[in-house]
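Just below is one structure, and these are the notes that go with it.
The values are calculated or read from the model by the stated rules, or taken from the named source; none is laboratory data. Remember, predicted model here, so these are calculated numbers, not experimental data. Counting neighbours? That spans all protein chains shown, and the Cβs are built from the backbone with ideal geometry, glycine included. Keep in mind that these areas ignore ligands, DNA and RNA; they rest on the heavy atoms of the full protein, side chains included. Shrake-Rupley method; radii C 1.70, N 1.55, O 1.52, S 1.80 Å.
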Amino acid sequence: MNTLVTTAGFMILALAGSAAQASDFKPMMDVAETTWPEKTHIGVIADYRQSREDILDLARSAGSRCRITVLDVKQPSGVPVAGNQMACAIKPDFLVLLPRDPRVWEGSPNATRAIRQLAFHGVPVIGTTPMAIRQGAVFACGPETRLEVLVTERMIGTVEVILPRNLRTAGTAASAPLGMAAISVVGAF
């Protein structure tokens, strides 16, 4: 009986952990939709196979009004030019950094390089952690920011963003988007 109770306790903790991870992108996407209601094309640079669950979570958080193009970077050799390829070939309205991608995660030197490359082309980058702000992302909002919207004090490149004045924290009562964003995967060259 004790083993059954222990196993049930671990299952509850595992489910609670996965539920907490599943909401990483919702606050950020609520802020993005409020800030840029007309911007619906989201770019992601990631190893698609390794980050598939995070990308699906982003698609659910974005809703059916958006579309996501993933630049699939499987090899380390594709990372140095990924930001330029994203900006010039895919041309998203903005890029979302993934906090746990094995190639271009928030906090990695690869993410910093991509942010600079995209900013040079006028494409803003957003994230979910304070580390994204330190790297040059325009804003970040998520569990690690305690749902506070963190905004960069210094813009990189030609990116200019005007956030609504009354936006301090992500709305917890925001309506859930209907459906899920369409996802296309493009290989890096």
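Just by accessible area at a 1.4 angstrom probe, what is the order of 91, 26 from largest to smallest? Can you show the working numbers first?
On the way: 91 135, 26 45 Å².
The ordering from most to least exposed comes out as 91, 26.
When the solvent-accessible surface of protein heavy atoms is calculated with a 1.4 angstrom probe, in what order do 56, 98 fall, highest first? Walk me through the numbers on the way to the answer.
Details: 56 30, 98 0 Å².
I get 56, 98, largest accessible area first.
Could you estimate the translational diffusion coefficient of region 28-99 from the Stokes-Einstein equation, with Rh from the Kirkwood formula over C-alpha pairs, at 4 °C and 1.567 mPa s, in whole µm²/s?
Numbers: Rh = 12.6 Å.
It comes out at roughly 103 µm²/s.
Calculate, for residue 75 and residue 121, the FRET efficiency according to 1/(1 + (r/R0)^6) with r their C-beta to C-beta distance and R0 25 Å; round to the nearest 0.05. The partial results should precede the final answer.
On the way: r = 23 Å, r/R0 = 0.92.
E between residue 75 and residue 121, to the nearest 0.05, is 0.60.
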